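Novice: Below you'll find the structure I mean.
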Amino acid sequence: MEGLLREHGYRRRANREAAAAGLIDLVFNDLDSPWAVEIIRGVEDAGHATGTGTVVSAIHQQPASARQWLRNLRARATDGIIFVTSTLTPPMHAELHRLNIPMVVIDPAGVPAIDVPTIGASNWAGGLSATEHLLSLGHRRIGFVAGPKQLLCSRARLDGYRAALDAAGVDMDDELIVQGDFYTESGFAGARRLLDLSRPPTAVFASSDQMAFGVYEAVRRRGLRVPEDVSVVGFDDLPESRWASPPLTTVRQPLVQMGLVAARTVLRMARGEEIETPRVELATELIVRDSSVVLGR
């Protein structure tokens with residue numbers, strides 16, 4: 001075989017750039033969230049600039065789906081893989097390393113492998129600024145609807161909330177923290193539990209905009225109003241947040257930029273270039289709209 005290859009002038013590609021597939025794999029657990037679209041936009045923006053296409057997959061947190069995705073990957077070429085809010089298991093990491101495919105993780109679920117770059121946002125600072133905003137409006141009973149416990153970004157937002165309360169001298173009340181999963185239904189269920197308390201909160205900080213929309217609905221069904229009876233703050237600044245009724249005060253997470261930076265990073269790795277830092281944290285920003293007001297106004 002080697003003799004035939006030499007006879008017909010075959011030459012192995014000397015580097016990854018020469019063998020570029022012109023594709024990036026973007027892998028989500030699920031694709032049923034508007035924030036996924038924002039990340040896709042960022043990856044696509046980077047791809048358009050380099051003539052690189054995007055293959056989007058969802059593995060639904062199922063081992064069988066992940067194995068099928070890996071089988072499909074072995075059958076074709078890719079320049080690199082971007083995982084979103086995923087746990088990169090040791091077997092998968094080892095296989096992708098064996099295939100010599102560069103990887104980047106956006107918002108890792110756990111502590112990532114030391115050789116896998118990560119892209120995230122300043123979640124702790126965002127949680128801090130959202131809670132400080134509500135405290136500055138006079139609120140002291142501030143409910144918190146948390147995101148999935150396994151995600152580092154969720155834990156960081158909760159830690160920011162706790163840090164703001166502690167700095168303001170407000171005692172932590174564990175009954176004001178309810179568990180959610182970033183989706184609207186969990187925000188609705190969490191807000192109902194908070195409103196059922198003997199001393200319900202005067203404000204709720206939801207760890208995602210979608211959960212904040214669920215809080216809106218729970219408040220409405222209770223015969224109350226946002227923000228007159230309950231102030232609400234979200235996290236993400238999805239496009240629909242400004243069109244909510246009332247427009248949602250939220251922490252802007254640079255989702256498009258996160259996708260853009262992740263794609264640029266994995267393409268640089270595919271070309272064999274060095275990256276400046278394996279851990280990138282982009283800034284968040286509090287966007288004040290009409291869903292949060294001074295207590296008692």
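Novice: I'd like to know which of 206, 262, 283 lies farthest towards the positive end of the charge dipole of segment 202-288, counting +1 on Cβ of Lys and Arg and -1 on Cβ of Asp and Glu.
Specialist: The listed residue farthest towards the positive side: 206.
Novice: Taking every DSSP beta bridge that has both residues in the chain, what percent is antiparallel when rounded to the nearest 5? If you can, show how the numbers build up before the last one.
Specialist: Numbers: 3 of 37 bridges.
Counting DSSP beta bridges with both partners in the chain, the antiparallel share is about 10 percent.
Novice: Apply the a/c threshold of 1.5 to the C-alpha gyration tensor of segment 131-230 and tell me whether it is rounded, prolate or oblate.
Specialist: oblate
Novice: Compute the distance from the alpha-carbon center of segment 127-158 to that of segment 180-195, in whole Å.
Specialist: So the separation of the two Cα centres works out to 14 Å.
Novice: Still on this structure, I have one more. Mind giving me the FRET efficiency for residue 100 and residue 285? R0 is 22 Å, r the Cβ-Cβ distance, nearest 0.05 is fine.
Specialist: Computed FRET efficiency for residue 100 and residue 285: 0.05.
Novice: Run the numbers for residue 60 and residue 168: contour at 0.36 nm per residue of separation, minus the present Cα-Cα distance, in nm.
Specialist: Gain on stretching residue 60 to residue 168: 34.8 nm.
Novice: Give the distance, in whole Å, between the Cα centre of segment 237-287 and the Cα centre of segment 87-106.
Specialist: Taking the Cα centre of each part, segment 237-287 and segment 87-106 sit 22 Å apart.
Novice: Can you list residues whose amide H is under 5 Å from residue 53's amide H, if they're 5+ apart or on another chain and H is modeled 1.01 Å from N?
Specialist: Placed amide hydrogens put 23, 24 under 5 Å from residue 53.
Novice: Taking amide H atoms as placed 1.01 Å from N in the peptide plane, list the residues 5 or more away in sequence, or in a different chain, whose amide H sits under 5 Å from that of residue 118.
Specialist: Close amide H contacts, sequence-distant or interchain: 105, 279, 280.
Novice: For n ≥ 4 DSSP H runs only, could you compute -39500 (n - 2.57) per run for the chain, divide by its residues and tell me the 222 nm figure to the nearest 500?
Specialist: Values: 9 runs with 115 residues, N = 297.
Helices in the chain give a 222 nm mean residue ellipticity of -12000 deg cm²/dmol.
Novice: For the charge dipole of the chain, defined by +1 on Lys and Arg C-beta atoms and -1 on Asp and Glu C-beta atoms about the Cα centroid, which residue among 128, 29, 233 has the Cα displaced farthest towards the positive pole?
Specialist: The listed residue farthest towards the positive side: 29.
Novice: Under a no-solvent Debye model with one identical scatterer per Cα of segment 228-297, what's log10 I(q)/I(0) at q = 0.15, 0.20, 0.23 Å⁻¹?
Specialist: Values, matching the q order: -0.61, -0.82, -0.95.
Novice: Here's a follow-up. Could you give the length gained by full extension between residue 294 and residue 229, i.e. 0.36 nm per residue of separation minus their alpha carbon distance, to one decimal place?
Specialist: Fully extending the segment from residue 294 to residue 229 adds 22.3 nm.
Novice: With only Lys, Arg, Asp and Glu charged, each at its Cβ (+1 for the first two, -1 for the last two), find how big the charge dipole of the chain is about the Cα centre; round to the nearest 20 debye. Numbers along the way, then the final one.
Specialist: Working: 32 positive and 36 negative charges, 99 e Å.
Approximately 480 debye in magnitude.
Novice: Amide H of residue 80 versus every other amide H placed in the peptide plane: which residues, excluding those fewer than 5 positions away on the same chain, fall under 5 Å?
Specialist: Those qualifying (amide H under 5 Å, at least 5 residues apart or on another chain) are 25.
Novice: Counting only protein heavy atoms and a 1.4 Å probe, tell me what percentage of the chain's accessible area is made up of carbon and sulfur. It would help to have the intermediate numbers written out before the result.
Specialist: Details: 7490 of 14340 Å².
Reported share for carbon and sulfur atoms: 52 percent.
Novice: Between 59, 106, 24, where does the largest GNM mean-square fluctuation fall for the chain, given springs only between Cα atoms within less than 10 Å?
Specialist: Taking springs between Cα atoms under 10 Å, the residue moving most is 59.
Novice: Name the helices (complete DSSP H segments) of the chain with a Cα length along the long axis of 20 Å or more and a Kyte-Doolittle mean of at least -1.0, or state none.
Specialist: Qualifying helices, which must be both long enough and hydrophobic enough, are 34-50, 152-167, 255-270.
Novice: Taking the solvent-accessible surface of protein heavy atoms with a 1.4 Å probe, what is the per residue accessible area of the chain in Å²?
Specialist: Using a 1.4 Å probe on heavy atoms only, each residue of the chain averages 48 Å².
Novice: Report the calculated FRET efficiency for residue 273 and residue 41 (r = Cβ-Cβ distance, R0 = 30 Å), to the nearest 0.05.
Specialist: Efficiency computed from Cβ-Cβ geometry: 0.80.
Novice: Using a Gaussian network for the chain with springs between C-alpha atoms less than 10 Å apart, which of these wobbles most: 109, 121, 64?
Specialist: Answer for the Gaussian network model of the chain: 64.
Novice: Here's another thing I want to ask about it. Build a GNM of the chain with springs between Cα atoms under 10 Å: which of 56, 219, 105 gets the top mean-square fluctuation?
Specialist: Taking springs between Cα atoms under 10 Å, the residue moving most is 56.
Novice: Which net charge results when you count Lys and Arg as +1 and Asp and Glu as -1 among the other residues whose beta-carbon is under 13 Å from that of residue 118?
Specialist: Working: positive: 279; negative: 107, 115, 281.
It works out to a net charge of -2.
The values are calculated or read from the model by the stated rules, or taken from the named source; none is laboratory data. From a predicted model like this one, the values you see are computed outputs, not experimental measurements. Every residue, glycine as well, gets a Cβ built from its backbone with ideal geometry; the counts of neighbours run over all protein chains shown. Surface accessibility is based on the protein's heavy atoms, side chains included, excluding ligands, DNA and RNA. Shrake-Rupley method; radii C 1.70, N 1.55, O 1.52, S 1.80 Å.
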